[in-house]
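Asks: Pasting a structure below so you can have a look.
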Amino acid sequence: MSVGGDGTHGGRAASGSADADPSVDDPRDVTGLAGPAPTTVAFDIGEVLIDETRVWGIWADLVGVSRLSFAAVFGAAIVQGQDHRAVFPHVAPNIDWAELASEHERRYGGFQEQDLYPDVRPCLDELAAQGVTVVLAGNQPASRREELEQLGLPCERVATSAELGVEKPDPDFFDAVLDLARAADPARVLYVGDRVDNDVLPAAAAGLRTCWLRRGPFGHLQDLTDEVTPDLTLEGLGELAVLLAGWRAVADEDQEGTA
Ligand SMILES: [Mg+2]
């Protein structure tokens, strides 16, 4: 594993807004980051790019419980280490939720502009301006790729687990991400995800650098384990581009110093 566990990397907590933390005015403020800076950023999709509030609200409506109740049980399932599907037997024990999937999709209508977190476009624009390669890859049904592409986000490529034929946290998913990014060295790829179990841990184990985005139900509720320390820990994407620029500057200086 190239990151985590040795106390030399990251763990830098930052706020979601550059205005809230004067230290980010200095792009060199990347204390603790070591090694070459990533040249590719691979983004998870759910709760990193897409706010899933509509997804779960529609599910609550469909199974006939309040959105508050559904969200509370969802959170309890996460804390118990269960899959999100564990919600349904609790809130709707007499309903086969899978039979409602097509009606849910009809009401949801796929990813829409309103579902994007507001910091996504500015972040991706800044990364593109820096010449950083951006790919989007997460556990999603196949149809979500086209929906994401139709949103016109500045990125090189998009892939879903359904199309790749493998889901996180399977190590093969992260091999597929490297292929998607045309990246030979996993240490030059930063994976940004909201979940410790599905994103940070397996990405680090595959040799990628990691950014833990603490938003969404999993991002707020999960805890890190002793197995890994993310290179970056952020509450939003607002500072990611400036931190990467700082990381690059420090890495370049280190390289010059050793040349
Ligand atoms: Mg996610």
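Asks: Limited to segment 116-139, what total is found for residues that are in contact with a Phe, Trp or Tyr (Cβ under 9 Å, 6 or more places away or on another chain) and farther than 21 Å from A37 by Cβ?
Replies: Of the residues in that region, 3 qualify.
Asks: Taking L148, is it over 27 Å from D223 (Cβ atoms), in a helix (DSSP H, G or I), in contact with a strand residue (DSSP E or B) (Cβ under 8 Å, 6 or more places away or on another chain) and within 14 Å of the ligand (Cβ to nearest atom)?
Replies: On the way: over 27 Å from D223 (Cβ atoms): yes; in a helix (DSSP H, G or I): yes; in contact with a strand residue (DSSP E or B) (Cβ under 8 Å, 6 or more places away or on another chain): yes; within 14 Å of the ligand (Cβ to nearest atom): yes.
So L148 fits the description; yes.
Asks: Residue under question is L153, and the condition is that it be more than 29 Å from I58 (Cβ to Cβ), outside any helix (DSSP H, G or I) and either of a type in the set (D, E) or away from the ligand (no atom under 15 Å from the Cβ) (or both); does it hold? Show your work before the answer.
Replies: On the way: more than 29 Å from I58 (Cβ to Cβ): no; outside any helix (DSSP H, G or I): yes; either of a type in the set (D, E) or away from the ligand (no atom under 15 Å from the Cβ) (or both): yes.
Considered against the rule, which asks whether it is more than 29 Å from I58 (Cβ to Cβ), outside any helix (DSSP H, G or I) and either of a type in the set (D, E) or away from the ligand (no atom under 15 Å from the Cβ) (or both), L153 comes out as no.
Asks: So which of A159, A183 ends up being more than 16 Å from the ligand (Cβ to nearest atom) and in the same structural domain as D125 (by TED's automatic domain parsing)?
Replies: None of the others qualify; the one that does is A183.
Asks: Would you please list the contacts, defined by Cβ atoms under 7 Å and residues six or more apart or on different chains, that run from a residue in segment 190-205 that is closer than 15 Å to L178 by Cα to a residue that is hydrophobic (A, V, I, L, M, F, W, C) and within 11 Å of the ligand (Cβ to nearest atom)?
Replies: Qualifying pairs under 7 Å: V192/F43; V192/V48; V192/L213.
Asks: With the requirement that a residue be basic (K, R) and in contact (Cβ under 8 Å) with a residue 60 or more places away in the chain, what does segment 37-90 give you?
Replies: Matches in segment 37-90: R54 only.
Asks: With the requirement that a residue be assigned to a helix (DSSP H, G or I) and crowded, with 19+ Cβ neighbours inside 10 Å, what does segment 177-187 give you?
Replies: Within segment 177-187, V177, L178, L180, A181, P186 meet the criteria.
Asks: List every residue pair whose Cβ atoms sit under 7 Å apart, with the two residues 6 or more apart in sequence or on different chains, where the first one lies in segment 173-185 and is under 16 Å from Q140 (Cβ atoms) and the second, anywhere, is assigned to a helix (DSSP H, G or I).
Replies: Note: pairs meeting the criteria are F173/S161; F173/L164; F174/P202; F174/A203; A176/L164.
Asks: Please list, ordered by residue number, the helices (runs of 4 or more DSSP H) wholly in segment 41-132 having 3 or more residues that are of a type in the set (V, I, T).
Replies: It comes to 53-63, 67-79.
The values are calculated or read from the model by the stated rules, or taken from the named source; none is laboratory data. Not measured: the values here are computed from a predicted model. Backbone-built Cβ (ideal geometry, glycine too); neighbour counts: all protein chains shown.
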